[in-house]
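See structure below.
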Amino acid sequence: MTTQDEDFSAYFAARAHALRGTAYLLCGDWHRAEDITQVAMTKLYLAWPRLRDHGMDAYARKVVVRTFLAENRRLWRRREHVTGEPPELSTVDGDAERRLLVEAALTAVPPRQRAVLVLRYWNDLSVEEAAEVLGCSPGTVKSQTARGIDALRRRLGPHRALLTEEGGDLWTGRTNG
Amino acid sequence: MDREDERLKSLFGEVGGQQGPPLGFSAAGVARRGRRIRLVRRAAAAVGGLVVLAVVTVSVALAANREVEPATPPTPPLVTTTDGPTATPEYLTTTTTPTTTLDTPTATD
């Protein structure tokens, strides 16, 4: 095993799950998330010699987001079927229910807006960093973020209070009480 | 807005941080695939280089062996006329050569 392979294995062990988490938030499907992560990891391996010790996370994130967006542009991969209402979830515990509600709401947000939300609120990137990943202007990121949150709020419907601290507390109180 | 941002981060953290099913691929598998892709790319680059070299060689050979057409003679300069006196070419002037006649001796001498 070469030094590059050893370094790559160490990076893989440390970051593969987080990267798949990003992919899962984007597509809402574990299998597809795994495909996207595998593509990203392979591209990362190929680019490893020139990336050296820096920029690996940013590169991998960029590949994940762009692969997701490219796949979405292909009509045959559009397999999301948005239902009219959030799912009825009465048999699962509060945390899982909240998680599933957010997941369902997220799949209803248009892909590019979803990518902006994931980069901003999951990867914790600044507006400028998100713009760099998506290859657009910071202004576009800001507008897409606002629209994405609006779409998420609309989609959550009666559960939109989840997006506020008070709503989260209420939810916890309701499910625990 | 900041509180909403924090809440969103927390919600996204819950969804993205899920354990999920075990990963279906490994670092070794990715490295193997990566090496194969690298090999294919190198082979393609080598073949591409050879093709370019062949095309350039053939082009140069064709250019070198092309028949050269004989050069056309230069066209004579145009004759121009001017209003001023023209010098008569030397070959057109006539010269008169003086002739001497010798008297033939007579018998009376």
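Each value in this text was obtained by applying a stated rule to the coordinates, not by laboratory testing. Since the structure is predicted, the reported quantities are computational estimates derived from the model, not experimental observations. Ideal geometry is used to build each Cβ from the backbone, glycine not excepted, and the neighbour counts take in all protein chains shown.
Taken one residue at a time, the phi angles of the range B:34-42 give Karplus couplings (6.51, -1.76, 1.60, θ = phi - 60°) of x, 5, 5, 4, 4, 5, 4, 5, 5 Hz. Gly and Pro are set to x. Across peptide A:3-9, the mean count of Cβ atoms from other chains lying within 10 Å of each residue's own Cβ comes to 3.
Can you give the Rg/Rh ratio of the range B:1-63, where Rg is from the C-alpha atoms and Rh is the Kirkwood radius? Don't skip to the end; give the middle numbers.
Values: Rg = 25.9 Å, Rh = 17.1 Å.
That ratio is 1.51, to two decimals.
Sorted from fewest to most neighbouring beta carbons within 10 Å, what does the list B:55, A:102 look like?
Values: B:55 10, A:102 23.
Ranked by crowding around the Cβ, least crowded first: B:55, A:102.
With a 10 Å Cβ neighbour count serving as the proxy for reagent exposure, in which order, fewest first, do A:34, A:6, A:132 appear?
Working: A:34 20, A:6 12, A:132 16.
So the residues, fewest neighbours to most, are A:6, A:132, A:34.
Where does the Debye-calculated log10 I(q)/I(0) of the range A:1-79 sit at q = 0.14, 0.18, 0.21 Å⁻¹, using only Cα point scatterers of equal weight, no solvent? At q = 0.14, 0.18, 0.21 Å⁻¹ the computed log10 ratios are -0.45, -0.69, -0.89.
Per residue of B:26-39, count partner chain C-beta atoms within 10 Å of its C-beta, then hand back the mean as an integer. Walk me through the numbers before you get to the answer.
On the way: counts 5, 11, 5, 4, 15, 12, 2, 5, 11, 5, 1, 4, 3, 0.
Across B:26-39, the average partner-chain Cβ count within 10 Å equals 6.
Model label sites at residue B:6 and residue B:78, defined 7 Å from Cα along the beta-carbon direction, differ in position by 9.4 nm.
What separates the Cα centres of the range B:45-70 and the range A:10-50 is a distance of 46 Å.
For peptide A:33-44, the mean count of partner chain Cβ atoms within 10 Å of a residue's Cβ comes to 4. Protection proxy ranking for A:20-32, B:4-16, A:113-125, using the average of other Cβ atoms within 10 Å per residue and placing the highest first: A:113-125, A:20-32, B:4-16.
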